[in-house]
Amino acid sequence: MGSPLQKILPRRGDKKRKGYGLKLAAVVLVAAAWATLLFDIPVRFPRIWFSCTAVIIVYCGVLHLLSKRREHAIEFLYAIVILYAGAIHVSGLPWLQLAFFPFIISLTPFYRLQVIIPLSILVPFTELKTLVIARENIVGQAAFSLSLVFTAAAASLIHAMLHREQERAVTELEKIREGARDRTRDTEMESLGSDEIISHYFASKIRADEEIQEILAAIKHAVFADGVHFFEYRGETFSLRNTTEEQEKLIITGRGIMAQVLRERKTFAAGEIDEKTTPVGYIRDRIQSLIVMPVLEGATPVGLLAIDSPRYHAFGDSERKTAEMFSAQIAKILERERVHTVLKQDITALRIIKEFSSGLAASIRYDIVLQKLCDYAQQAFGGEAFFFAYTGLGFEVKYFPGEIVGEQKIDFSGTLIELAIDNKHKEYVSDVRQYGMKIFPPLFRPSVSRSVIVVPLFYEGGLLGVFGMISDQREFLDSRQIGLIEVMCNQTAISIANARMHEEIELMATTDGLTGIFNHRIFQEKLTDELKRSERYSTPLSLLLVDIDYFKKVNDVYGHPAGDLVLKGVAKILKYEVRDVDIAARYGGEEFAVILPGTDSRGAKNFAERLRKAIMTEVFLADGKTLKVTASIGIATAPADAQTKENLIERTDQALYHAKHQGRNQSVNWGVVQ
């Protein structure tokens with residue numbers, strides 16, 4: 001029968017062999033799907049090929065998702081790439097390969113560099129037939145391959161850096177949380193959760209007032225006083241927080257004995273007070289005997305305890321010592337209350353920054369990234385946020401809480417912002433009134449400006465912008481909060497770099513590289529959308545095809561650089577003439593297309609004539625020589641001339657053909673051609 005070990009080992013071997021078999025099957029199936037691309041199977045037998053490839057994707061996907069270590073990732077992802085490559089072969093549109101860039105970038109949050117880089121290297125092999133057999137556009141394909149690998153590496157590294165910054169933020173937040181827990185041990189709150197701590201904060205705030213009131217009542221009875229009062233000290237002013245008497249009968253001046261005690265941090269005691277010559281600091285009915293002592297938290301005064309009586313020499317040393325004992329108790333209550341306040345601020349900031357960190361990684365739009373930074377910072381720390389974006393040519397105001405006077409160029413010379421940029425370090429001013437340097441240039445008038453922090457954002461040595469916060473409170477940030485703001489700015493810098501890279505890739509995929517207007521693919525998508533909108537709202541839609549007359553002669557006589565200059569010039573005229581709702585695109589070669597939503601055939605004709613005359617009168621300068629060109633324009637309108645996209649394009653093209661064969665330099669509606 002054999003030992004138990006002998007029974008177990010064969011089963012383990014069977015499982016291992018089974019795993020190898022499944023992986024080998026996945027590799028063979030993906031390789032077979034790739035090999036069919038070499039023989040144009042997707043083009044010759046599209047239904048069979050796409051069905052089989054979809055089955056392969058499902059098979060590899062199941063293996064990938066069910067494996068404990070997320071194996072078979074490359075097989076699964078490359079099967080998807082092969083399916084899309086087959087679609088490119090069938091459509092005959094090689095520019096669709098640009099979609100591989102956003103595809104690779106979208107994988108970086110989910111897969112490691114060990115998967116992304118091999119996959120980006122394998123992608124160009126889907127065009128192996130074109131490179132090796134047909135030997136077409138080898139240089140272009142090589143450039144595409146290198147760009148794809150570079151994009152994959154850059155996107156993976158950016159995501160890794162962002163992930164490290166998030167981990168750093170989490171570490172910083174955990175340190176704050178641990179510090180908060182340490183501070184609560186003396187108040188028996190270490191077992192409470194975050195929500196319970198916040199609830200406990202509000203309850204403790206109420207209890208603190210009750211406890212202080214009880215202490216004041218105890219002092220009054222213990223020393224036979226007429227009145228006992230506690231004045232809280234905040235910033236530069238006193239406020240009456242608790243008293244054994246009616247608050248309305250006390251008028252606070254803050255001068256005299258109260259100011260002296262606060263300044264010297266020593267107890268004042270006297271049995272004969274002349275309020276005319278020695279002001280107490282508050283006014284109430286007749287005071288003869290007085291004790292005023294500072295309530296200290298460590299060495300910092302947080303308030304004053306005042307005990308008064310209309311009797312002469314009402315208080316001796318024993319009464320003074322009793323009052324000092326109670327004063328120490330008030331200090332402990334205030335310290336506990338402050339701890340709760342700090343806890344509330346920390347926990348609120350933790351929640352907000354956690355949401356900020358998780359949401360930032362998913363943001364690939366520049367404006368959204370900046371909006372998140374300003375919104376979450378204001379929620380977490382109070383104050384007002386501002387951001388100046390650096391474009392390379394100067395600064396652009398993205399957010400500013402206040403008034404901006406004039407339109408002149410922004411110059412930060414001699415300001416705190418310039419100092420922060422030059423030092424590549426944050427600058428924090430706790431009290432602007434005691435600071436000699438200007439914070440903003442004269443054209444900026446902030447709504448509040450008592451304290452300010454400025455943090456420059458750098459990425460790989462380059463300046464991205466300047467973030468900051470201003471507040472009407474003195475010292476509105478502590479060291480922990482300043483550290484958290486720096487963490488947020490570091491994360492934002494990486495996200496801004498990522499967003500800008502995404503915008504560049506998106507721009508490459510949607511615009512024509514020479515003219516800067518939409519390319520043919522986007523034109524087709526926009527026309528489909530506008531036709532649907534036209535049908536839904538029963539509004540007309542006109543299409544123009546614009547062809548530059550004798551463009552080949554321009555290239556032959558003046559050279560291709562002059563031809564490129566003319567194309568860019570015509571595109572510039574198009575962008576100037578069209579409305580915001582209109583869509584201009586390069587249709588191909590020397591042809592341009594213009595979509596005019598909500599425009600009938602008569603309005604389209606008027607626009608076409610205005611456009612034609614603008615092109616005809618434009619003077620182009622090439623190598624010191626001037627030249628002019630004309631254009632022929634075809635027009636068709638939906639639904640009057642056509643109901644489908646294909647018919648609309650066809651009839652617009654027929655109108656253009658008619659214009660060119662009737663002498664050129666004219667615009668023709670399709671209705672004339674019929």
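The values are calculated or read from the model by the stated rules, or taken from the named source; none is laboratory data. Remember, predicted model here, so these are calculated numbers, not experimental data. Cβ sites come from the backbone with ideal geometry, for glycine too, and all protein chains shown count toward neighbours. The protein model used for the area step is the full one, side chains on, heavy atoms only, and it has no ligands, DNA or RNA in it. Shrake-Rupley method; radii C 1.70, N 1.55, O 1.52, S 1.80 Å.
Computed quantities for the displayed model
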| item | result |
| --- | --- |
| Of residues in region 416-469 being of a type in the set (S, T, Y) and surrounded by fewer than 18 Cβ atoms within 10 Å (Cβ to Cβ), the one modelled with the lowest pLDDT | S447 |
| Cross-chain or 6+ apart pairs with Cβ under 8 Å, region 651-674 first and part of a helix (DSSP H, G or I), then at pLDDT below 90 and open to solvent by 70 Å² or more (accessible area, probe 1.4 Å) | A655/V672; H658/V672 |
| Odd one out for L621 among (1) open to solvent by 10 Å² or more (accessible area, probe 1.4 Å); (2) assigned to a strand (DSSP E or B); (3) at pLDDT 90 or above | (3) |
| Residue within region 626-643 that is among the polar types (S, T, N, Q), free of Cβ contacts under 8 Å to residues at least 12 places away in the same chain and either assigned to a helix (DSSP H, G or I) or touching a strand residue (DSSP E or B) at 6+ places or on another chain (Cβ under 8 Å) (or both) present | yes |
| Within region 507-548, considering residues that are in contact (Cβ under 8 Å) with a residue 12 or more places away in the chain and in a loop (DSSP other than H, G, I, E, B), the one farthest from T637 (Cα to Cα) | L514 |
| Residue satisfying condition, being in contact with a Cys (Cβ under 6 Å, 6 or more places away or on another chain), part of a helix (DSSP H, G or I), small (G, A, S) and touching a residue at least 12 places away in the same chain (Cβ under 8 Å), within set A85, A79 | A79 |
| Single residue of I117, I48 found to be part of a helix (DSSP H, G or I), over 30 Å from D512 (Cβ atoms) and under 35 Å from the mean Cα position of the chain (by Cα) | I117 |
| Candidates Q288, Q247 - the one that is within 20 Å of E319 (Cα to Cα) and among the polar types (S, T, N, Q) | Q288 |
| Residue in region 250-266 that is open to solvent by less than 60 Å² (accessible area, probe 1.4 Å) and touching a helix residue (DSSP H, G or I) at 6+ places or on another chain (Cβ under 7 Å) present | no |
| Positions within region 139-148 being β-branched (V, I, T) and either open to solvent by less than 30 Å² (accessible area, probe 1.4 Å) or modelled with pLDDT of 75 or more (or both), in sequence order | none |
| Verdict on I485 being hydrophobic (A, V, I, L, M, F, W, C), modelled with pLDDT of 90 or more, buried (at least 22 other Cβ atoms within 10 Å of the Cβ) and within 23 Å of I417 (Cβ to Cβ) | no |
| Close pairs (6 angstrom Cβ cut-off, 6 or more residues apart or separate chains): more than 17 Å from K552 (Cα to Cα) in region 567-595, open to solvent by 60 Å² or more (accessible area, probe 1.4 Å) and not charged (D, E, K, R) anywhere | A585/F518 |
| Residue match in region 24-36 (condition: at pLDDT below 80, open to solvent by less than 50 Å² (accessible area, probe 1.4 Å) and over 30 Å from F518 (Cβ atoms)) | no |
| Subset of region 298-320 [over 19 Å from L240 (Cβ atoms) and in contact with a Lys or Arg (Cβ under 9 Å, 6 or more places away or on another chain)] | A299, P310 |
| Every residue from region 650-674 that is exposed (fewer than 15 other Cβ atoms within 10 Å of the Cβ) and in contact with a Ser or Thr (Cβ under 8 Å, 6 or more places away or on another chain) | R664 |
| Which numbered condition A331 misses (of (1) assigned to a strand (DSSP E or B); (2) among the aliphatic types (A, V, I, L, M); (3) free of Cβ contacts under 8 Å to residues at least 60 places away in the same chain) | (1) |
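Per-residue answers, yes or no, for (1) open to solvent by less than 10 Å² (accessible area, probe 1.4 Å); (2) modelled with pLDDT under 85; (3) in contact with a Cys (Cβ under 6 Å, 6 or more places away or on another chain):
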| site | (1), (2), (3) |
| --- | --- |
| L296 | no, no, no |
| A299 | no, yes, no |
| A306 | yes, no, no |
| Y312 | no, no, no |
| R320 | no, no, no |
| A323 | yes, no, no |
| F326 | no, no, no |
| I330 | yes, no, no |
| E335 | no, yes, no |
